[in-house]
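Accompanying notes for the structure given below.
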Amino acid sequence: MICIEGNIASGKTTCLEYFSKTNNIEVLTEPVSKWRNVRGHNPLGLMYQDPTRWGITLQTYVQLTMLDRHLSQISAPIRMMERSIFSAKYIFVENLYRSGKMPEVDFAVLSEWFEWITTNISLPVDLIVYLQTTPETCYERLRQRCREEEKVIPMEYLESIHQLYEDWLIEQTSFKVPAPVLVIPADHDIEQMLQQYEENKERILAAQRT
Ligand code: TTP
Ligand code: MG
């Protein structure tokens, strides 16, 4: 199992699309569409409108959909997924809590769920591919992409997410890192990114043997 990690709009989906054309790899796309529509409700949009009220609602659902992805029963030798249950907790829940937007009781309940899941269910990850960007690049790509819910995201939000990622995967000082990390610089344009994926392909595919 290979997890593709990186800030919002860092290019994770494009990376997955590239590898979906490779033999032996099955790509699991991120369930963003579910976060935008669960039985007619939009927890992603609600969270951006009022994080204190709806943060736990979104993050509980994100955690469930991530768990579902980790446990997917597909037979391809290599599975690749966008993000992981780990970054949902260590980056997004952590960010809501640290910025004072998530009440302590909500954080406690989510943390209990997370700890129960990761203690009692085996969720092996063999490699983390970290698409390393500057927050400025992500901000620019967010503007261009224009996902309705994300119009309210300020630069400072992307900076916080960026810092949490760097502490987790580069400094490795904050939380447990569940697998070896391959860092791919991701500020480049699409052609250069595809070329880098090509160059790193063998290393990424070798993950299954480590
Ligand atoms: P991303 O997981 O960053 O997906 P993306 O498609 O934006 O990234 P890329 O362009 O690299 O493919 O985020 C999707 C949205 O969900 C984004 O607005 C951030 C939000 N989100 C949370 O609020 N909490 C979470 O736990 C996660 C995983 C995402
Ligand atoms: Mg995506």
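Each row is one residue, and each column tells you yes or no for (1) more than 9 Å from ligand 1 (Cβ to nearest atom); (2) without any contact (Cβ under 8 Å) to a residue 40 or more places away in the chain.
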| site | (1), (2) |
| --- | --- |
| 27 | yes, no |
| 30 | no, no |
| 33 | yes, yes |
| 67 | yes, no |
Self-check item: Filter result (farther than 25 Å from residue 156 by Cβ and out of contact with any helix residue (DSSP H, G or I) (no Cβ under 9 Å at 6 or more places or on another chain)) within the range 1-36
Solution: 16, 17, 20, 21, 23, 33
Quiz item: Any residue in the range 6-13 that is at pLDDT 95 or above, open to solvent by 20 Å² or more (accessible area, probe 1.4 Å) and within 28 Å of residue 119 (Cα to Cα)?
Solution: no
Quiz item: When only residues in the range 106-136 that are of a type outside the set (A, V, I, L, M, F, W, C) and under 17 Å from the mean Cα position of the chain (by Cα) count, which is farthest from residue 170 (Cα to Cα)?
Solution: 118
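Can we say residue 118 is closer than 23 Å to residue 6 by Cα, free of Cβ contacts under 8 Å to residues at least 24 places away in the same chain and either open to solvent by 30 Å² or more (accessible area, probe 1.4 Å) or within 11 Å of ligand 1 (Cβ to nearest atom) (or both)? Break it down into steps so the answer makes sense when it comes.
Details: closer than 23 Å to residue 6 by Cα: yes; free of Cβ contacts under 8 Å to residues at least 24 places away in the same chain: no; either open to solvent by 30 Å² or more (accessible area, probe 1.4 Å) or within 11 Å of ligand 1 (Cβ to nearest atom) (or both): yes.
The answer is no for residue 118.
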Quiz prompt | Test: residue 20 is more than 8 Å from ligand 1 (Cβ to nearest atom), open to solvent by 20 Å² or more (accessible area, probe 1.4 Å) and either more than 13 Å from the chain's Cα centre (by Cα) or among the polar types (S, T, N, Q) (or both) | solution = yes
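Does residue 143 qualify as being farther than 21 Å from residue 101 by Cα and either within 12 Å of ligand 1 (Cβ to nearest atom) or in contact with a strand residue (DSSP E or B) (Cβ under 9 Å, 6 or more places away or on another chain) (or both)?
Details: farther than 21 Å from residue 101 by Cα: yes; either within 12 Å of ligand 1 (Cβ to nearest atom) or in contact with a strand residue (DSSP E or B) (Cβ under 9 Å, 6 or more places away or on another chain) (or both): no.
Considered against the rule, which asks whether it is farther than 21 Å from residue 101 by Cα and either within 12 Å of ligand 1 (Cβ to nearest atom) or in contact with a strand residue (DSSP E or B) (Cβ under 9 Å, 6 or more places away or on another chain) (or both), residue 143 comes out as no.
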Self-check item: Only listed residue being open to solvent by 50 Å² or more (accessible area, probe 1.4 Å) and of a type in the set (Phe, Trp, Tyr), chosen from 139, 165
Solution: 139
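The values are calculated or read from the model by the stated rules, or taken from the named source; none is laboratory data. Everything quoted here is computed from the prediction, not taken from an experiment. Because the Cβ atoms are built from the backbone with ideal geometry, glycine has one as well, and the counts that use them run over all protein chains shown. Note: areas computed on protein heavy atoms with side chains; ligands, DNA, RNA excluded. Shrake-Rupley method; radii C 1.70, N 1.55, O 1.52, S 1.80 Å.
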